[in-house]
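No lab work stands behind these numbers, since they all come straight from the coordinates. Owing to the predicted nature of the structure, the values given are computational and were not obtained by experimental measurement. Cβ sites come from the backbone with ideal geometry, for glycine too, and all protein chains shown count toward neighbours.
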Amino acid sequence: MRILVIGGTGTIGKTIVKHFAADHEVLVAGRRSKDYKVDIADTKSIKALFKKTGKLDAIICAAGEAKWAPFKELSEADYHIGLRSKLMGQVNVVRIGRKRLRRKGSITLTTGILADDPVYQTASAAMVNGGIHSFVQAVALEMKKGIRVNVVSSGVVMDAYHKYESYFPGHPPIPMDKMMLGYVRSVEGKGTGEIIRIYS
Ligand SMILES: NC(=O)c1ccc[n+]([C@@H]2O[C@H](COP(=O)([O-])OP(=O)(O)OC[C@H]3O[C@@H](n4cnc5c(N)ncnc54)[C@H](OP(=O)(O)O)[C@@H]3O)[C@@H](O)[C@H]2O)c1
């Protein structure tokens, strides 16, 4: 397969790239990538990326930001960070990227446990994750050519646990290989419209 991983240099993305690169051709995209530069918060940039990629069998997005802050401090502009990047960025990856997929290709988005189990300071981040979950279930009904769309929602992954541990008291870290199973299931399985939850 020819697989595009947006956010392939990140904590989650690196694991995805390493796994699939063993048996597949993997293209790594991100804001600082030389070959496949993209800012998913910018629609023009996504269009330019997919002009460069050529035909693909799978698109995985493990990128997207949202502002974390106490609710009383979140400004409207702060919400727009998450809306533009993690929410509409991933929606636009589906809108634009699907046209580059071969028959029976797949798109896998990334959210996180906050959609179901939010913690303090995540009104914006949790909202965006929940929006993606609803989007994936709905858009999967309208895909053509056997194209599938899923989302992987994991808890705090082991390699980022040191950064987020204090926000998630009592939450177990998710081993990277367990998280990876979610992406394998989405790319290699047959399911569509699935929210693949990996929370323990
Ligand atoms: N870490 C966790 O425990 C965890 C758990 C569940 C869900 N998530 C979610 O999974 C996603 C990735 O998390 P992570 O921990 O791997 O983050 P990370 O280590 O900060 O990596 C983010 C990756 O995405 C790229 N990126 C960021 N913003 C981008 C943009 N606007 N356009 C294109 N590429 C962009 C980055 O590369 P450039 O800087 O070069 O663009 C980098 O490759 C996030 O949405 C996060 O909320 C994380």
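Data overview
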{"quantity": "Residue list for segment 77-100, restricted to those being within 18 Å of residue 63 (Cβ to Cβ) and of a type in the set (A, V, I, L, M, F, W, C)", "calculated": "81, 83, 87, 88, 91, 93, 94, 96"}
{"quantity": "Filtered residues of segment 157-192 (kept if touching a residue at least 60 places away in the same chain (Cβ under 8 Å), within 14 Å of the ligand (Cβ to nearest atom) and β-branched (Val, Ile, Thr))", "calculated": "157"}
{"quantity": "Residue check for residue 154: among the hydroxyl-bearing types (Ser, Thr, Tyr) and in contact (Cβ under 8 Å) with a residue 24 or more places away in the chain", "calculated": "yes"}
{"quantity": "Pick from segment 1-30, criterion outside any helix (DSSP H, G or I) and of a type in the set (Gly, Ala, Ser), ranking: surrounded by the fewest Cβ atoms within 10 Å (Cβ to Cβ)", "calculated": "22"}
{"quantity": "Selection within segment 165-183 - under 18 Å from the mean Cα position of the chain (by Cα) and surrounded by 15 or more Cβ atoms within 10 Å (Cβ to Cβ)", "calculated": "174, 176, 178, 179, 180, 181, 182, 183"}
{"quantity": "Among (1) of a type outside the set (Phe, Trp, Tyr); (2) in a loop (DSSP other than H, G, I, E, B); (3) buried (at least 16 other Cβ atoms within 10 Å of the Cβ), the one test that residue 109 misses", "calculated": "(2)"}
{"quantity": "Condition check for residue 78: among the acidic types (Asp, Glu) and within 15 Å of the ligand (Cβ to nearest atom)", "calculated": "no"}
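Each row is one residue, and each column tells you yes or no for (1) under 15 Å from the mean Cα position of the chain (by Cα); (2) among the hydroxyl-bearing types (Ser, Thr, Tyr).
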| site | (1), (2) |
| --- | --- |
| 43 | no, yes |
| 63 | yes, no |
| 69 | no, no |
| 72 | no, no |
| 86 | yes, no |
| 94 | yes, no |
